[in-house]
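The values are calculated or read from the model by the stated rules, or taken from the named source; none is laboratory data. Values in this document were obtained by computation on a predicted structure and should not be read as measured data. Quick reminder, even Gly has a Cβ in these numbers, built from the backbone with ideal geometry, and neighbours come from all protein chains shown.
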Amino acid sequence: MSKPKVASDWLAGCAGCHMSLLDIDERILQVLELADLRATPITDLKHPDEDGVDVGILEGGINNTANEAVAKQMRSRCKYLVALGDCAVFGGVPAMRNFFTIEETLRRAYVETESTDDSGKIPDDPELCKPTNVRAVSEVVKVDLHVPGCPPDADVIFHVLAELAQGRIPEIKDEKLHWH
Amino acid sequence: MIHIKIDGKELEVPEGTTVLNAARQAGVDIPTLCDHPALEPYGGCRLCLVEVEGARTLQPACTMPAGNNMVVHTATEKVKSARKFVLSMIFSERNHFCMYCQVSGGDCELQNAAYGEDMTHWPIQPNWQPYEVDASHPYFVMDHNRCILCRRCVRACAELSGNFTLGMEERGAKTILVADLGIPLGDSSCISCGSCIQVCPTGALIDRWSAYLGKDKDTQSTQTVCIGCSVGCGIEVLSRNNNLVRVEGNWDAEVNGGVLCEVGRFLPMVEERDRVVTPMVRKDGKLKAATWEEALNTIAEKYQPLIGHANNGVAAMVSTRLPAEVLYTFKQVFADNFGSNMVTSTDEEKFATLNSVKSEVGVYEGKLTDLEEADAVMTVGIDLTKDHQVAGFFIKRAIPNGTKVIPVNYEANGMDAFTPYATKINKNADLAFVKTLSANLNNEEAAELQNKAGLETAEIDKISSILKSAEKSVLVYGADFTQPEETFRALVKLAKETNSKLVGITGKANSTAAAQYHLDKPFVMNGHQSAMIVLGDEEPTQTMIKKVENSPFLVVLSSYHSALTAKADVVLPVTTWLEQDGHYVNLDGKIQEAHKSLQSPIDVKSNLDVLELLAAKLNLELSAESLVAAEKAV
Ligand code: SF4
Ligand code: SF4
Ligand code: SF4
Ligand code: SF4
Ligand code: FES
């Protein structure tokens, strides 16, 4: 049996979950033995294989039309989709901006911050993607496994990867279940 | 008895037992949120739903009484999916960001309940409507974003503290927790007892310190007693790395059943006085740091020749915040060995005089527990919303059950707002009032007294009819009288006439023990050559300072710097209440043991050790087992 292919990407997150993945230290070698790591933010491939991967992992929530596209592409190219970390699970820290209108958020970010001078302006290039409310990955595409945590513990990530690589559905409960 | 079967376990429970409590007895775990063992069942959150054979729908276990031959299932698929649904609804009602919530990761009952159901995510998204965060209160914060509307706080405020500050406003999705009629908590009628934060299952009500100092699982807990007053409430002191994290009421404590007042719960958290960390001896007019050896030698030198001086020797005063062991040793050193005629405690004179007549009460003596069972309570010479507050809670919380409460004062009493029977008498007229009441009960003429008390006949009539018709009346007295002995005797007479219990709510943590050791006379220097003040962590009063400041040689054992230590010739650093063990006798005469919960700073010694060191320096005889002796004596 060939090694299962795994791809990952990050959306509206802080990269912390991928950092936590690297925190599994030398166990990454075990993962590499079991799985074929394809497109990820830390490898050279930028898109999941067109002919599909077995497991897709998404970090971060969906906060603009570009995220939507990435999530949809990942979903369409993977058999099993994992939402990794609180942002992917429900929106997480970026979702705090859901308490404001998009207009307010952009103004704050590009015009009003203390470090912005008079030339501050909200980017309006038509090429740019459109910001949206921050949503859980599951609000845009179907998610097969939620791995909560901000970020999820390296041990939990290893458990998830190891189980998936061996063709099993990981159980996340008790000691492995953390929302914080 | 009722026979019930829960998840296959059969058991007998008394009639009226809820299914939840029966399940607990059977060792079957049913998750709950709005339920709290110290509060009346409420049945609001629906997390405790169970399947009862024969019932069409799932039933809340916390409110449902166990029925005979009832068969209950708590872990069926139907029950489990209902729990997940209930939790999903609760999460989606407000905004929970567990990753930066202070109670997340162990102390949140909502989060733990979700873990219990293996929930990896919320099937329904949060509300995303911002809710207010009320940070106006000095001791705690209310974050409405995390409130699950379980009403535990509302019930605790009413059922435990009798303060009725909290309530719910609006209905349905708009329901919101409010203080009074919707004003900031800091401006409300809240008395800072903290019962609400102790019962809040989530991070909605959190105290300002502990949330950031460590989760419960990271803290050390010590069960001990509050020494804020003579009620002697049981507390749990949480600490982490020798830092105080939080004080909680001990739910299992007989005296208070988990309730505390501001003094017990929050004042220890805002202690800001400067610690005395090294012995100090006055040299060339200035207090200078010294070694223990130097300081003790300085005292010993002065004191050796004063041994045996009844007059003209050492006048000694000890704090009634200190354990019985310290009081007893103190007495041995200065009364038994020095033979001084001025060996007493820091208690106010009035309380001391009251002690001398206290034995006259006989069978009418009541206890704190009588307050809870009373159907009429009259308080004289005390405002139980200012001190001994937990005793006040016992009275206030009984009011909704029909207990008639008559606070008698010459000025405003915090209790007035809770009862229609608040009674205002003239200043210093407590004795006249009690006597008028007696006369009225006996149909005697007492116009002059009544005039002095400043009450209308109708008012007196009303009070006597309440006391007469009550089946279990209690008279509560404080120490705020001008003629303590006479007033006390008049109260004893009134208790006999109305068949009431008489409960004295006075004194500091160990006043009762101090009185038993006869450490209760008014302090005067009266020609003594030295004043020895074993102050512990008590804050000296102006009166105390005035009395001793001119003493030729002033020794103070104190945990904190104060105007008194500044005047001393020798200051010895001693432990605070949290740093020492020992026994306390509360106002009911109940002996309780306090346990050390924090380590003292390096150069600080316990009050007891210092007295013993001093005795050794002076070659004094102390009974070898002074601790045992102290226990026997109280
Ligand atoms: S109150 Fe509980 S559930 Fe809500 S954010 Fe805090 S930890 Fe999470
Ligand atoms: S601290 Fe006490 S009085 Fe204040 S709201 Fe909470 S329970 Fe009520
Ligand atoms: S503040 Fe806490 S105790 Fe009060 S209703 Fe909200 S969640 Fe319940
Ligand atoms: S009533 Fe007295 S013993 Fe109880 S918490 Fe308050 S100060 Fe402490
Ligand atoms: S615990 Fe029973 S309804 Fe809330």
Task: Positions within region A:93-124 being away from chain B (no Cβ under 14 Å) and in a helix (DSSP H, G or I), in sequence order - done: A:E103, A:L106, A:R107, A:R108, A:A109, A:Y110, A:V111, A:E112
Task: Filter result (more than 14 Å from chain A (Cβ to nearest Cβ) and out of contact with any strand residue (DSSP E or B) (no Cβ under 6 Å at 6 or more places or on another chain)) within region B:79-89 - done: B:S81, B:R83, B:F85, B:V86, B:M89
Open item on the list: Please return the ranges of strands (runs of 3 or more DSSP E) entirely within region B:279-386 where 1 or more residues are charged (D, E, K, R).
Closed with: B:280-283, B:286-289
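Rundown of residues vs (1) part of a loop (DSSP other than H, G, I, E, B); (2) not acidic (D, E), yes/no style:
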| position | (1), (2) |
| --- | --- |
| B:F394 | no, yes |
| B:P400 | no, yes |
| B:I406 | no, yes |
| B:E411 | yes, no |
| B:G414 | yes, yes |
| B:Y421 | yes, yes |
| B:N428 | yes, yes |
| B:F433 | no, yes |
- [ ] Quickly run through region B:92-111 and pick out the residues that are more than 9 Å from chain A (Cβ to nearest Cβ) and either more than 20 Å from A:H178 (Cβ to Cβ) or in a helix (DSSP H, G or I) (or both).
- [x] B:S92, B:E93, B:R94, B:E109, B:L110
Task: Sole exception among (1) closer than 19 Å to A:V55 by Cβ; (2) within 18 Å of the chain's Cα centre (by Cα) for A:G91, by number - done: (1)
Open item on the list: Restricting to region A:160-169, count the residues that are more than 17 Å from A:L37 (Cβ to Cβ) and within 14 Å of chain B (Cβ to nearest Cβ).
Closed with: 1
- [ ] Quick one: A:L128 ticks every box in (1) surrounded by 13 or more Cβ atoms within 10 Å (Cβ to Cβ); (2) closer than 22 Å to A:K46 by Cβ except a single one, so which number is it?
- [x] (1)
Task: Total residues in region B:501-543, condition assigned to a helix (DSSP H, G or I), in contact with a Ser or Thr (Cβ under 8 Å, 6 or more places away or on another chain) and under 19 Å from B:S340 (Cα atoms) - done: 1
Task: Positions within region A:76-92 being under 15 Å from B:I124 (Cα atoms), in contact with a strand residue (DSSP E or B) (Cβ under 8 Å, 6 or more places away or on another chain) and facing another protein chain (nearest Cβ under 9 Å), in sequence order - done: A:V89, A:F90, A:G91, A:G92
Task: First in region B:49-64 and touching a residue at least 60 places away in the same chain (Cβ under 8 Å), second anywhere and within 16 Å of ligand 4 (Cβ to nearest atom), Cβ under 7 Å, 6 or more apart - done: none
TODO: Return yes when B:M1 is at pLDDT below 95 and either in contact with a strand residue (DSSP E or B) (Cβ under 9 Å, 6 or more places away or on another chain) or within 16 Å of ligand 2 (Cβ to nearest atom) (or both) and no when it is not.
DONE: yes
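Kindly indicate which of B:V79, B:V72, B:V50 is closer than 25 Å to B:C108 by Cα, more than 32 Å from the chain's Cα centre (by Cα) and not in a helix (DSSP H, G or I).
B:V50
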Task: Any pair with Cβ under 7 angstrom, 6 or more apart, that starts in region B:468-488 at a residue that is of a type in the set (S, T, N, Q) and ends at one that is part of a strand (DSSP E or B) and surrounded by 22 or more Cβ atoms within 10 Å (Cβ to Cβ) - done: B:S473/B:A376
Open item on the list: Go through region B:545-594 and report how many residues are surrounded by fewer than 23 Cβ atoms within 10 Å (Cβ to Cβ), assigned to a loop (DSSP other than H, G, I, E, B) and among the small types (G, A, S).
Closed with: 4
Open item on the list: Within region B:87-110, take every residue that is within 16 Å of ligand 5 (Cβ to nearest atom) and not charged (D, E, K, R) and give me the one that is nearest to the chain's Cα centre (by Cα).
Closed with: B:C108
Open item on the list: One residue is enough: does region B:491-510 have a residue meeting the conditions in contact (Cβ under 8 Å) with a residue 12 or more places away in the chain, more than 16 Å from ligand 4 (Cβ to nearest atom) and closer than 30 Å to B:F334 by Cβ?
Closed with: no
TODO: Looking only at region A:131-150, decide whether some residue is charged (D, E, K, R), in a helix (DSSP H, G or I) and within 13 Å of another protein chain (Cβ to nearest Cβ).
DONE: yes
Open item on the list: If the requirement is being more than 16 Å from ligand 3 (Cβ to nearest atom), closer than 24 Å to B:T385 by Cβ and among the aliphatic types (A, V, I, L, M), which of these qualifies: B:I197, B:I227?
Closed with: B:I227
- [ ] For region B:190-204, enumerate the residues that are free of Cβ contacts under 8 Å to residues at least 60 places away in the same chain and more than 16 Å from ligand 5 (Cβ to nearest atom).
- [x] B:C190, B:C196, B:I197
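Residues are listed down the side, and each one gets a yes or a no for (1) more than 23 Å from the chain's Cα centre (by Cα); (2) of a type in the set (G, A, S); (3) more than 16 Å from ligand 5 (Cβ to nearest atom); (4) over 24 Å from B:K404 (Cβ atoms):
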| site | (1), (2), (3), (4) |
| --- | --- |
| B:D143 | yes, no, yes, yes |
| B:I148 | yes, no, no, yes |
| B:V154 | no, no, no, yes |
| B:L160 | no, no, yes, no |
| B:G172 | yes, yes, yes, yes |
| B:T175 | yes, no, no, yes |
Open item on the list: Looking at region A:57-80, can you tell me whether even one residue there is part of a loop (DSSP other than H, G, I, E, B) and either buried (at least 23 other Cβ atoms within 10 Å of the Cβ) or in contact (Cβ under 8 Å) with a residue 24 or more places away in the chain (or both)?
Closed with: yes
- [ ] Restrict the check to region B:274-295 and report whether at least one residue is touching a residue at least 40 places away in the same chain (Cβ under 8 Å), surrounded by 22 or more Cβ atoms within 10 Å (Cβ to Cβ) and out of contact with any strand residue (DSSP E or B) (no Cβ under 7 Å at 6 or more places or on another chain).
- [x] no
